[in-house]
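Taking it in order: structure first as structure tokens, then the write-up.
The values are calculated or read from the model by the stated rules, or taken from the named source; none is laboratory data. As the structure is a computational prediction, the values presented were derived from the model and not from experiment. Glycine also receives a Cβ, built like all others from the backbone with ideal geometry; neighbour counts cover every protein chain displayed. To get the accessible areas, we keep the full protein, side chains included, count just its heavy atoms, and leave off ligands, DNA and RNA. Shrake-Rupley method; radii C 1.70, N 1.55, O 1.52, S 1.80 Å.
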2 protein chains.
Amino acid sequence: MSQSLRQSLFSPQSVAIVGQSDDVTKTAGRPLKFLRQAGFGGRIYPINPRRQDVLGERAYPSLTALPEVPEHVYVVAPTEAVIEAVAECGRLGVKVATVLADGFAEAGPVGEAREARLKEICAATHLRIIGPSSLGIVDLRSKAMLTANAAFDEVDLPVGRILAASHSGSMIGALLSRGKARGIGFAGLVSVGNEVDLSLGEICEATLDDPGIDGYMLFLETLRHADALRRFAQRAAVANKPVIAYKLGRSQEARELAVSHTGALAGEDDVADAFLADCGIARVDTLDGLIEGLPLLQRVPRRTPGGRKATVGVVTTTAGGATMVVDPLASRGVTVAAPAPETLARIRAATGIDVKPALLIDLTTTGARYEAMKAALDVLIAASEFDLIVAVVGSSARFLPERAVKPIIDCASAAKPIAAYLVPEAPAALAALSAAGVPNFRTPEACADAVAAALGRRAPRAAASAKKHEAPSSARLLDELAAYELLERLGIACAPSVALDVGIKDAPVLPFPYPVAVKALSADIPHKTEAGGVELNIRDGNELTAALARICKNVGPSLARVMVQPMVTGLSEVLVGYRVDRDVGPLIMLAAGGVLAEIYRDRSLRLAPVDLATAREMIDEVRGLAALKGYRNRPAGDLDALAQTIVALSQLAVMDDAVAEAEINPLIVHARGQGVTAVDALVRLL
Amino acid sequence: MSQSLRQSLFSPQSVAIVGQSDDVTKTAGRPLKFLRQAGFGGRIYPINPRRQDVLGERAYPSLTALPEVPEHVYVVAPTEAVIEAVAECGRLGVKVATVLADGFAEAGPVGEAREARLKEICAATHLRIIGPSSLGIVDLRSKAMLTANAAFDEVDLPVGRILAASHSGSMIGALLSRGKARGIGFAGLVSVGNEVDLSLGEICEATLDDPGIDGYMLFLETLRHADALRRFAQRAAVANKPVIAYKLGRSQEARELAVSHTGALAGEDDVADAFLADCGIARVDTLDGLIEGLPLLQRVPRRTPGGRKATVGVVTTTAGGATMVVDPLASRGVTVAAPAPETLARIRAATGIDVKPALLIDLTTTGARYEAMKAALDVLIAASEFDLIVAVVGSSARFLPERAVKPIIDCASAAKPIAAYLVPEAPAALAALSAAGVPNFRTPEACADAVAAALGRRAPRAAASAKKHEAPSSARLLDELAAYELLERLGIACAPSVALDVGIKDAPVLPFPYPVAVKALSADIPHKTEAGGVELNIRDGNELTAALARICKNVGPSLARVMVQPMVTGLSEVLVGYRVDRDVGPLIMLAAGGVLAEIYRDRSLRLAPVDLATAREMIDEVRGLAALKGYRNRPAGDLDALAQTIVALSQLAVMDDAVAEAEINPLIVHARGQGVTAVDALVRLL
């Protein structure tokens, strides 16, 4: 199936262009021009009911009038004509229709109705649809230039081994043309549009057995169809074909734009981070990092969660230029390290340079010399403390690449990955590095971006459970005692609690000492504190009955029971939460407690479930937990117990319980060896 | 003076190259080659005592042997020969010596001694020195190619109107060659090296009356000689010549490298931010932003502290491509806004496109059309809600620039600045934009970087006071009562306090009610809490005498007095601090209270003194103070009083008091109208 879909998508035997214009200056005039210009070898049928001919070729009045059923139809007709054309494709048995027009899901109820019709056609026939809002799909090998993107109006496009897939139609032109300027070619490019049928992940997956494709370059605006993207990423990892992605939405503003632009809903950016990482997709933050990053991914092994953190060594002929790479690397949390004393000694011996013990291995003092750079690289490649080498070459790279660029090329086949950044404009040297297979970068920012993304990439995981991806269908809560029962079943320690009827006259004997907390106990009150349903630090029986009365007054006559707990104190409070995200499924979150942590959005997210090593990584990522890690000689918290609690709560992703959301806030963290205690819990069912 | 210095630096009548090699493959072989290759019109004297001729020209044995005293000498001899050569320059009356060799301040005591010798020579003669560690100084108009940087080995270097000055010698080659690839030329470039005599700021200042220089591009590794940089920046602002700077050191790692590399000391990055902003220098974060940003600075007016925040409107033919700019703009705190309803209506009427009300003015639906883009730009230029327009053009920019790039060019003379980002590779369109004077960018990151830097630029201020820049010479503290007296003189409300002799037997009658705090009162204990010298929440006289005894025991027999204060509570605690920074002088800081704020480094810094508008900006910048601004319906704090306190403490910068550091921690912020109270203060004298 996949292979025949791949053929229909990228190398169809015959294509029709519905709505092909006779005017090449119009968008709808481009596909035929580009197909002929490129020399597409298949049969081409322009469809235009109002003309006998277009661009000097016979035009057919309709798909039905063609001498055969075309394999792939590009519908470039206006929005109003799309449904009829696609319906005809379905009736005739066309394999794939790609739709250019917009005016669908992003255009309100009328557009949504149109999109629903397209879905019905797909369901009723064997037709697969790309788009709508697709600027097209291109294979530079078969010359199937099914695109209306103006940037494809040239003949000598370099063929490469990369497939580019983009939510933005304009970006396929940007990747193509910017790639060409760097000598980077593509096997194919696809603008996936609104993904009414074929999603970006499905299209990429269909090409995985293409021996001419080595890697994938993705431009993402949303995580719609995350399951398909994950499935593709998993299979791509098996096939050893790396995937690099740029995703819009670091800022709230950009996420809102994705909503208005594509009709998708905006998720949170750290959810996207967690999802892409879980899929083993390397996310970059710069356009140049996206374009230049794949060769590095091909050389950097995936990391193991909990494994030793990768370390980067930097060797250079210019301290200032190299520091431009170190700066963004360090800001992204990549460990740049000085060489070990024995490595430094070996470098000094091999180069004859009195290299200083510093983060940079700086060979500047003698100018750029082949022997010094080659000897230093040889030592660094053999040095076990480094997982990746960044080589930064100064002005000599422009006209004297034999000095300090050639030694990098001569290390191209080394087992350790090397990333090269050349400080001056040095196109010839960059081309030579590319030809030798050395990952190279035009800017320090792209170099750091790609190195950080490559080192952070892990093996993709399978999704937790398909059913867990359903959106929450109810807002049904468990009351707090029932929530504790669920947590206790997961092995999470909760504060001892007793339920009291609100009707009691005298305070009962409690199984724990005062002071205590009293809380309204109800499945109908998600925000107890805001409802006046919580009283803390109750010191005796009299205060208890008084508190009970106040709570009843605040919450109202519907309240039947309250819950009493001892006041639990510890070193710190954290929030551990589980929820099923609409796009990516079950998530587990750890955050520092308190309003400041909320303001700083200081939290760590992973797709659930997680193992202990991953839970420990999450603890490391939450900056506000520094106090629990012994910051300024504070007593250390029980981070083992905290990690176990994270793991336990994340198991909801693989249990039968239909939990949409579970939040422990706060979880009290005690001193090392003393465990943790949940003192409030909110559980929402699917 | 300045003009003759400028001539000696950039267009000397005669030059000598001390240590000129006969071998052009060596660094010391380059200067003569480059001078001849460029066609330098002045007299050139190679000096090489071991040869009769070098590169086919007569070589002189020494400076003394020359037929005249050369105006500018480039010393490219090895480190050991530098002092003698420079001393000879001084004796002969040479105006400027530029020194290539390293091995000075960065090389330990021997190097420091060499540097001291250079300073002595300058002090004893009229010689000015660039370097050591200078890769040279170049004027592309006079063809004075006094450089050993390998990237200058070409003839057709475009002459422009920019002066580039760099702490890194390699970077002058990077700026030159990368500029050339973009059609950006330079008037001159200088590698300032260790700045033993002439600093980067002084060299730039010497060129301010050069009518061929319109702007300055700086690559900074340290803020050494900040006074000279500020003086230059102030005078540059008067001359209306913008200054753009890239400064290494966003990360701690990079700051440490600057230490080891240049022998300078590392400051903190937000100090550099505050200093450059105070000087009206636009700081960028990307190499491309540095190279491409000056034309935008030339068009964006400087902002007024406390004035309306600038707003950016984005118009585009590609939503995805434009969002790539919005994302980093928003992440940098730039306000990107949707058009006002009336502006939107005007755009719809003028373009005939049903543009949606969103952050982007998205003209995609009809494809790229001249009329639509031009009409939209005209409306946006007239719309009062926007201070700057970003125009993003998609694939049409590559081969059809007449569609959506031409309209931008046709708006080049509009009063409102426009920044253009072209999504595909489109060199011809970029060149056309540059020729028309439209600021344009190759990457979305550089575009956002330059826009943010330009909009954040203010008018430079004069330094507070020269004497305040002295490094703290003592560690003398005021005791806390004396510190309060100082604060009260500044108009800052402090908690009422009484001093008690440690010898008292009974608790005295206090002028304020219990509970109180008791603290050791001494100018010798900077960290009272850590010394066991603080007791809080003392509830009565008995507890007071007991607390006093414990404090005496903890602190020891040297303690003579304690201080008693009422316990003051409020909405929140903040830290307000003043200190004299070694590099940049007096600073005022505001931070949220507590360990979390410390961990998050959540603070705002300015050079002192500040006015009320600036103090309010500082309050806005500290995220952790959100709670005081009404976050989630919390009661608002007295931000007016807080702002006044910041202003008051910052006045230390212009007062006679020799204060090196003053910290109020905590300052209690009460509810609106209730003021603020200092409850602890530390003052350290110069």
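Descriptive notes on the structure:
- Computed from the C-beta positions of B:Gln674 and A:Ser384 and an R0 of 45 Å, the FRET efficiency is 0.15 to the nearest 0.05.
- For A:Arg182, solvent-accessible area (1.4 Å; no DNA, RNA or ligand), Å²: 40
- Placing a label point 7 Å from the Cα of B:Glu80 along the Cα-to-Cβ direction, the distances to the matching points in the other copies come to 9.0 nm, shortest first.
- Rounded to 10°, Cα long-axis angle of helix B:341-351 versus longest principal axis of chain B: 20
- Cα long-axis angle, helix B:639-650 against chain B (0 to 90 degrees, to the nearest 10): 70
- Eligible lysines near B:Lys33 by straight Cα distance, threshold 27 Å, same-chain separation 8 or greater: A:Lys406, B:Lys95, B:Lys143, B:Lys180
- On the basis of the beta-carbon distance and an R0 of 35 Å, B:Val69 and B:Arg141 show a calculated FRET efficiency of 0.90.
- Alpha-carbon radius of gyration plus Dmax, which is the widest Cα pair, for chain B in Å: 30.2, 97
- For the protein assembly as shown, the solvent-accessible area with a 1.4 angstrom probe is 36 square angstrom per residue.
- Only Lys, Arg, Asp and Glu carry charge here, each on its Cβ (+1 for the first two, -1 for the last two); on that basis the range A:513-555 has a dipole of about 20 debye about its Cα centre.
- Inter-copy label distances at A:Ala431 (7 Å, Cα→Cβ; nm, one decimal): 1.8
- Carbon + sulfur, % of accessible area of chain B - ligands and nucleic acids excluded, 1.4 Å: 52
- Spin-label model, A:Ser4 to B:Ala345: label points 7 Å out along the Cα-to-beta-carbon direction sit 5.8 nm apart.
- Out-of-range pairs (alpha-carbon distance over 22 Å; input A:Lys247/B:Lys416; A:Lys309/A:Lys629; A:Lys356/A:Lys629): A:Lys247/B:Lys416; A:Lys356/A:Lys629
- Of all DSSP bridge pairs formed entirely within chain A, close to 50 percent run antiparallel.
- Note on the protein assembly as shown: with charges restricted to the Cβ of Lys and Arg (+1) and Asp and Glu (-1), its dipole about the Cα centre is near 1940 debye.
- Using the Cβ-Cβ distance between B:Asp273 and A:Lys629 with R0 set to 35 Å, the FRET efficiency from 1/(1 + (r/R0)^6) comes to roughly 0.75.
- Of the residues making up the range A:415-454, those losing 50 Å² or more of accessible area when the isolated chain is joined by the remaining protein chains, with a 1.4 Å probe, are A:Val423, A:Glu425, A:Glu445.
- Largest-first ordering by accessible area, 1.4 Å probe, given options A:Met567, A:Met171: A:Met567, A:Met171
- Given charges at beta-carbon only (K, R positive; D, E negative), |dipole| of chain A in Debye: 1380
- Residues whose placed amide H lies under 5 Å from that of A:Lys356, excluding near-sequence neighbours: A:Asp362
- Nitroxide proxy distance, nm - points 7 Å out along Cα→Cβ at A:Gln298 and A:Ala462: 3.1
- Neighbour count of at most 14 Cβ within 10 Å plus DSSP loop: longest GluC sites (Glu not before Pro)-free window in chain B: B:155-384
- Distant-in-sequence amide H partners of A:Ile130 (H built 1.01 Å from N, under 5 Å): A:Ala97, A:Thr98, A:Val99
- Nearest-first distances (nm) between copies at B:Asp611, label 7 Å from Cα via Cβ: 6.1
- Gained length - B:Asn665 relative to B:Arg332, 0.36 nm times residue gap less alpha-carbon distance: 116.9 nm
- Residues in the range A:204-215 carry Karplus couplings, in order, of 5, 4, 5, 9, 5, 8, 6, x, x, 10, 10, x Hz; the curve used is 6.51 cos²θ - 1.76 cosθ + 1.60 with θ = phi - 60°, and Gly or Pro positions show x.
- Rounded to the nearest 10 Å², the accessible area of B:Tyr600 at probe 1.4 Å: 20
- The relative contact order of chain B, computed from alpha carbon pairs under 8 Å that lie at least 6 residues apart in sequence, is 9 percent.
- Prolate/oblate/rounded label for the range B:358-486 (Cα gyration tensor, a/c 1.5): prolate
- Heavy atoms of A:Met655 accessible to a 1.4 Å probe, total area in Å² rounded to 10: 50
- Put simply, the amide H of A:Val54, placed in the peptide plane, has neighbours under 5 Å in A:Ala59, leaving out anything fewer than 5 places away on its chain.
- The C-alpha atoms of chain B define a longest principal axis, and helix B:480-490 lies at about 60 degrees to it.
- Accessible area buried, both sides summed, chains A and B with 1.4 Å probe, Å²: 6300
- If you take the Cα centroid of the range B:54-87 and the Cα centroid of the range B:557-624, the two points sit 55 Å apart.
- If both residues of a DSSP beta bridge must be in the protein assembly as shown, then about 50% of such bridges are antiparallel.
- The range A:502-587 gives an Rg/Rh value of 1.08, both radii derived from C-alpha positions and Rh following Kirkwood.
- In sequence order, calculated HN-Hα J values of the range B:521-526 (Karplus, 6.51, -1.76, 1.60; Hz; x Gly/Pro): 10, 6, 7, 9, 10, x
- With each label modelled as a point 7 angstrom along the Cα→C-beta vector, the B:Ala546-A:Asp23 pair spans 9.4 nm.
- Residues in the range B:520-564 that a label on B:Lys505 would reach, taking backbone N under 19 Å of a point 7 Å out along Cα→Cβ: B:541-550
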